[in-house]
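Down below is the structure, laid out as structure tokens.
The values are calculated or read from the model by the stated rules, or taken from the named source; none is laboratory data. Because the structure is a prediction, the values reported are computed rather than measured. Ideal geometry is used to build each Cβ from the backbone, glycine not excepted, and the neighbour counts take in all protein chains shown.
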């Protein structure tokens, strides 16, 4: 499963928090979790996915801040539509 490159779970009525364990999928380049009922913070572990190019999280009921490691994701516009600030990198 670590070699997984694409995970597309959009429009699946998923509820709860985004699992931090997704950050262990080091080869993940595409993660689509949009149009679900996810809540809570975006796990910091997602910001450590160096190969992640495409990330869709909107719309969901996410809160908190966007991990700074996600600033370079190609689908950055989707992150801005969440209305969440980027985490303070000085913490």
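For the reader, a short list of remarks on this structure follows.
- Hits in the range 46-64 (condition: under 9 Å from the mean Cα position of the chain (by Cα) and within 13 Å of residue 22 (Cβ to Cβ)): 46, 47, 55, 57
- For beta carbons closer than 6 Å, sequence separation of 6+ or different chains, a first residue in the range 1-19 that is on the phi > 0 side of the Ramachandran plot and at pLDDT 95 or above and a second that is surrounded by 11 or more Cβ atoms within 10 Å (Cβ to Cβ) and assigned to a loop (DSSP other than H, G, I, E, B), the qualifying pairs are 11/35.
- Test: residue in the range 74-86 that is at pLDDT 95 or above and assigned to a strand (DSSP E or B): no
- Residues (under 10 Å from the mean Cα position of the chain (by Cα) and assigned to a loop (DSSP other than H, G, I, E, B)) located in the range 20-45: 33, 34, 42, 43
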